[in-house]
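The values are calculated or read from the model by the stated rules, or taken from the named source; none is laboratory data. Note that this is a predicted model, so its numbers are computed, not measured. Cβ placement follows ideal geometry from the backbone for every residue including glycine, while neighbour counts extend to all protein chains displayed. Surface areas here come from the heavy atoms of the whole protein model, side chains and all, with no ligands, DNA or RNA. Shrake-Rupley method; radii C 1.70, N 1.55, O 1.52, S 1.80 Å.
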Amino acid sequence: MATTDDSFNGLTEHCEDCDLETPHEVSVQLRTESRKEENAQFSREPYRVAECKRCGTRTSQRMNNA
C-alpha cells in the first residue's frame, strides 16, 4: 500500500513496471458502469487511480464491491 516520504513530500507505492517504490499521484474517479443510458446516472462507482510519476503507468481499482 502507499506510504509517505517527507524527502520529496509525496506518496510512494510499488510500481509493477519500474519494480520499485516510486512517487505516485493518486485520485478517486467516479466511473459509469452501465451501458444503458437510462441507468447511467445510477451506476457510478468510485475507482482509486494511481499514476507512477516515474514511468507514467496508471492503475485503477474499484473501491466499492457491493
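Using packing as a proxy for protection, rank 45-53, 20-28 so that the peptide with the highest average count of other Cβ atoms within 10 Å comes first.
Details: 45-53: 15.8, 20-28: 13.9.
Answer by packing, highest mean first, reads 45-53, 20-28.
With a sphere of radius 14 Å drawn around the Cβ of Arg48, what net charge do the other residues whose Cβ falls strictly inside it have (Lys, Arg +1; Asp, Glu -1)? Write out the running numbers ahead of the final one.
On the way: positive: Arg31, Arg58, Arg62; negative: Glu13, Glu25, Glu45, Glu51.
Charge balance in the 14 Å sphere: -1.
May I ask you to give the percent of accessible area on segment 10-61 that is carbon plus sulfur, with a probe radius of 1.4 Å?
Details: 1630 of 3820 Å².
Percent of accessible area from carbon and sulfur atoms in segment 10-61: 43.
Straightening the chain between Val49 and Gln29 buys 6.5 nm, computed as 0.36 nm per residue apart minus the Cα-Cα spacing.
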